[in-house]
Amino acid sequence: MDKVSQYRKCVQTLLRQYAQTDVVDDGVDVQLIFDTERDHYQWMNVGWQQLHRVYRCVVHFDKLLVI
């Protein structure tokens, strides 16, 4: 496995682990978005808290740079 593939796997694993411990209300979903072709990785909270829309980016990794 090359370095880029390793980093992609590590980022996805970390986001999954941290997102599992996210405390959200009943109307709010935790969404993980993995675009491995363009190297975009996001952890989002999306939904409703009573009458307020929740659309929150918790973590966003963009373009993994391997040196």
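The values are calculated or read from the model by the stated rules, or taken from the named source; none is laboratory data. Nothing here was measured: the structure is a model prediction, and the numbers come from that model. In this analysis, Cβ positions are derived from the backbone assuming ideal geometry, glycine residues included, and neighbour counts consider all displayed protein chains.
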Contact list, first residue from the stretch 1-12 and farther than 20 Å from residue 42 by Cβ, second anywhere and assigned to a helix (DSSP H, G or I), beta-carbon distance below 8 Å, six or more apart or interchain, is 1/9
Scan the stretch 30-67 for residues that are farther than 29 Å from residue 4 by Cβ, loosely packed, with under 12 Cβ neighbours inside 10 Å and not hydrophobic (A, V, I, L, M, F, W, C) and jot them down.
-> 50, 52, 53, 55
Scan of the stretch 13-53 for residues that are in contact (Cβ under 8 Å) with a residue 12 or more places away in the chain and either touching a Pro at 6+ places or on another chain (Cβ under 6 Å) or hydrophobic (A, V, I, L, M, F, W, C) (or both), ordered by number | 15, 19, 24, 28, 30, 32, 34, 43, 44, 46, 48
Matching residues in the stretch 31-58 - criterion: being modelled with pLDDT of 95 or more, touching a helix residue (DSSP H, G or I) at 6+ places or on another chain (Cβ under 7 Å) and not aromatic (Phe, Trp, Tyr) = 32
Do we find that residue 41 is in contact with a Lys or Arg (Cβ under 9 Å, 6 or more places away or on another chain) and of a type in the set (Phe, Trp, Tyr) in this structure?
-> yes
